[in-house]
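The values are calculated or read from the model by the stated rules, or taken from the named source; none is laboratory data. Predicted model only: the values in this text are computed from it and were never measured. Heads up, the Cβs are rebuilt from the backbone with ideal geometry, glycines too, and the neighbour counts pull from every protein chain shown. Heads up: the accessible areas ignore ligands, DNA and RNA and are worked out on the full protein's heavy atoms, side chains in. Shrake-Rupley method; radii C 1.70, N 1.55, O 1.52, S 1.80 Å.
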Amino acid sequence: KDYRARFISAILLAMSDGQDIDVSKNTIELIAIINTRVNSILKRHNKIEFAKFIKIDEPSNEDNHSKIKDAIVYTYQELLGLNIRSAMKSGKDILGKFYEVFLKYGNGAKEIGIVLTPRHITRFAASILDINAHDFVLDPACGTGGFLVAAFDEVRRKNPTKKEFDNFKNNGLYGIEEQDPIISLAIVNMIFRGDGKNNMVEGDCFKKYLNLTEKNNVVFAEFLTEEGNNRQRPITKVLMNPPFAKPESKLKEYRFIESALNQMTDEGLLFSVLPTSNMVKQGMYLNWRKNILLKNNTLICVITFPNDLFYPIGVETCGIVVKKGIPH
């Protein structure tokens, strides 16, 4: 499963600079060409630390040489046939959709424990939160970057000045993802779009704290590893779909909302996909809604989603919009 993500992201990133890949080479040479190009592109974008997650491994034995080469050649030719370079620069989240379908029909999402948000939901969320070039946007469980891509596209759609848009690309988008191969796909996604990958990090969102700071007249948020007493919370908009908790898990989905709200300025807006159980169940769920969510924040709306939205994962879901810091 890990290998699938690395395989896809390596070929896509190797294609992103517009150069053709010489598929006539033998397997080892072909893999070396792709990995070298990936390293060069990541280095150019100051993301070389992700090279170990975006690569194709050499075959473990002679029998696999032809299989690996056939897979590379077939995938590359199919992507060329789809005109993937133009498609991914078109403003559509092609990589997210590609990987969403790939995982869904390969049963990968369920095994990896991630739920990819359909593209029309990410676009909807960015639209109703009215993301603009002056926002600081966070997805604390960003997966392949679908919500951040939607935020990027929502701002671009509003035709800000070049200076405003460049600043938003560099300093307005923040993503955290615990699984290395998945955050690697998010970074590939953003590199194809021209930027937005600067503040995507691998790690545990419960151990990351964003702090508003300024350097050389540029205002941005920095990741801290400790809460601190004087932290200035920078985030104005949150878009998220926290991992669906297994029944036995103590880390329920609403905990991610608590963590995200702790990164936000007062009156900031949060959109989250949630299993409906978080909004209707008694016990600890009721306690969270009453004593944390509504006591400290305003629940603007709850949106019921179709039952099959995350098929084949059978979880009833809704979307919530919350205004930070004003009691309900």
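For the criterion of being touching a strand residue (DSSP E or B) at 6+ places or on another chain (Cβ under 7 Å), closer than 18 Å to Thr122 by Cα and surrounded by 15 or more Cβ atoms within 10 Å (Cβ to Cβ), Ile182 fails.
Suppose we filter segment 38-59 for residues that are outside any helix (DSSP H, G or I) and among the hydrophobic types (A, V, I, L, M, F, W, C); how many remain? Number satisfying all stated conditions: 4.
Please identify the pairs in which a residue from segment 147-168 that is more than 17 Å from Met200 (Cα to Cα) and assigned to a helix (DSSP H, G or I) has its Cβ atom under 7 Å from the Cβ atom of a residue that is open to solvent by 20 Å² or more (accessible area, probe 1.4 Å) and at pLDDT 95 or above, counting only partners at least 6 apart or on another chain. Partner pairs satisfying both residue conditions: Glu154/Ser127; Val155/Asn132. Of the residues contained in segment 301-316, one or more are found to be of a type in the set (Asp, Glu) and without any contact (Cβ under 8 Å) to a residue 24 or more places away in the chain. Considered as a group, the residues in segment 310-325 that are in a loop (DSSP other than H, G, I, E, B) and in contact with a strand residue (DSSP E or B) (Cβ under 6 Å, 6 or more places away or on another chain) include one that is modelled with the lowest pLDDT, and that residue is Val315.
Among the residues of segment 256-268, none qualifies, meaning not one is part of a strand (DSSP E or B), in contact with a Gly (Cβ under 6 Å, 6 or more places away or on another chain), modelled with pLDDT of 95 or more and of a type outside the set (Asp, Glu). Among the residues of segment 2-37, those that are outside any helix (DSSP H, G or I), over 18 Å from Glu78 (Cβ atoms) and either over 28 Å from the mean Cα position of the chain (by Cα) or hydroxyl-bearing (Ser, Thr, Tyr) (or both) comprise Lys25, Asn26.
Per the conditions (1) of a type outside the set (Lys, Arg); (2) loosely packed, with under 12 Cβ neighbours inside 10 Å; (3) assigned to a loop (DSSP other than H, G, I, E, B), the sole criterion not satisfied by Cys301 is (3).
Take the residues in segment 185-225 that are open to solvent by 10 Å² or more (accessible area, probe 1.4 Å) and among the β-branched types (Val, Ile, Thr), then tell me which one is modelled with the lowest pLDDT. Per the criteria, the residue is Ile191. A single member of Gly283, Gly228 is loosely packed, with under 11 Cβ neighbours inside 10 Å, more than 19 Å from Pro140 (Cβ to Cβ) and of a type in the set (Gly, Ala, Ser), and it is Gly283. What about Lys52, is it more than 19 Å from the chain's Cα centre (by Cα) and open to solvent by 70 Å² or more (accessible area, probe 1.4 Å)? Spelling it out, it is not the case that Lys52 is more than 19 Å from the chain's Cα centre (by Cα) and open to solvent by 70 Å² or more (accessible area, probe 1.4 Å).
Listed by first and then second residue, the pairs with beta-carbon distance under 9 Å, at least 6 apart or on different chains, first residue in segment 28-57 and closer than 18 Å to Met190 by Cβ, second polar (S, T, N, Q) and open to solvent by 50 Å² or more (accessible area, probe 1.4 Å), are Arg37/Gln19; His45/Asn198; Asn46/Asn198; Lys47/Asn198; Ile48/Asn39; Ala51/Asn39; Ile54/Asn39.
Looking only at residues in segment 133-163 that are β-branched (Val, Ile, Thr), open to solvent by less than 10 Å² (accessible area, probe 1.4 Å) and farther than 16 Å from Ile235 by Cβ, the one that is farthest from the chain's Cα centre (by Cα) is Val149.
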